[in-house]
Amino acid sequence: MARKAVAGGTPATVALDRGGVPWTAHPYEHDPGAASYGLEAAQALGVEPARVFKTLLVRLEPAGAAPGGLAVGVVPVDRQLDLKAVAAAVGAKRATMAPPDVAERTTGYVVGGISPLGQKRPLRTVVDVSALAHPTVYVSGGRRGFDVELTAADLVRLTAASTAPIAR
């Protein structure tokens with residue numbers, strides 16, 4: 001897998017380059033009417049949905065010494081984020097989905113193009129453990145119609161993520 005230059009780059013591709021990891025750009029024609037951004041990406045790229053991961057933001061209710069705030073869950077596009085599991089993974093009492101406007105403002109990306117890489121400010125990130133079973137995974141490259149492929153180990157390292165079974 002070799003890095004491919006991307007015209008106009010994104011914060012995600014800048015983070016990948018700064019991290020010095022091999023990655024591949026996968027642009028595709030985005031359909032604004034698509035019911036699911038993630039499943040659209042998997043179909044357009046001809047990749048099994050279990051290898052394409054979506055980035056979701058959650059609000060955390062603090063538990064004891066564990067802080068509240070926001071966190072990121074990265075799960076396969078054909079599965080859902082288990083809110084109880086992601087809360088447990090970060091030591092929070094409870095997690096709820098963050099509203100789209102909060103997700104956009106916090107990450108600097110638009111919904112459907114939120115990447116776990118290169119966000120405006122780093123957040124606690126949990127990648128579903130299933131990512132480790134694949135030689136490479138796909139995540140948003142920072143805009144709709146653009147995914148990047150990299151190893152799960154590099155994704156975890158660049159996002160300072162933990163891994164846990166957070167998909168259902």
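The values are calculated or read from the model by the stated rules, or taken from the named source; none is laboratory data. Predicted model only: the values in this text are computed from it and were never measured. Positions of Cβ are backbone-derived with ideal geometry, glycine not excepted, and every protein chain shown enters the neighbour counts. For accessibility, only protein heavy atoms count, side chains too; no ligands or nucleic acids. Shrake-Rupley method; radii C 1.70, N 1.55, O 1.52, S 1.80 Å.
Structural remarks
- Selection from segment 143-161 of residues that are among the β-branched types (Val, Ile, Thr) and outside any strand (DSSP E or B): Thr151, Val156, Thr159
Every residue, every condition in (1) outside any loop (DSSP other than H, G, I, E, B); (2) of a type in the set (Gly, Ala, Ser); (3) open to solvent by 30 Å² or more (accessible area, probe 1.4 Å), yes or no:
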site: Val86; (1), (2), (3): yes, no, no
site: Pro116; (1), (2), (3): no, no, no
site: Arg121; (1), (2), (3): no, no, yes
site: Gly141; (1), (2), (3): yes, yes, no
site: Thr163; (1), (2), (3): yes, no, yes
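- Here Ala152 fulfils each of the conditions (1) closer than 16 Å to Leu81 by Cβ; (2) crowded, with 18+ Cβ neighbours inside 10 Å; (3) without any contact (Cβ under 8 Å) to a residue 60 or more places away in the chain apart from (1).
- So Val129, is it open to solvent by 60 Å² or more (accessible area, probe 1.4 Å) and of a type in the set (Val, Ile, Thr): yes
- Residue in segment 83-95 that is over 21 Å from Ala153 (Cα atoms), touching a residue at least 24 places away in the same chain (Cβ under 8 Å) and of a type in the set (Lys, Arg) present: yes
- Val47 falls short on exactly one of the conditions (1) part of a loop (DSSP other than H, G, I, E, B); (2) modelled with pLDDT under 95; (3) β-branched (Val, Ile, Thr), and that condition is (2).
- Failed condition for Ala160, given (1) among the small types (Gly, Ala, Ser); (2) out of contact with any Gly (no Cβ under 9 Å at 6 or more places or on another chain); (3) in contact (Cβ under 8 Å) with a residue 60 or more places away in the chain: (3)
- Of all residues in segment 6-34, those that are over 10 Å from Gly118 (Cβ atoms) have Cβ atoms under 7 Å from Cβ atoms of residues that are β-branched (Val, Ile, Thr) and modelled with pLDDT under 95, 6 or more apart or on another chain, in Ala25/Val6.
- Residue check for Ala98: buried (at least 23 other Cβ atoms within 10 Å of the Cβ) and over 20 Å from Thr10 (Cα atoms): no
- The condition of being more than 15 Å from Gln80 (Cβ to Cβ) and modelled with pLDDT under 95 does not hold for Gly38.
- Selected residue (only one of Glu29, Glu61, Glu40 is buried (at least 18 other Cβ atoms within 10 Å of the Cβ) and of a type in the set (Asp, Glu)): Glu40
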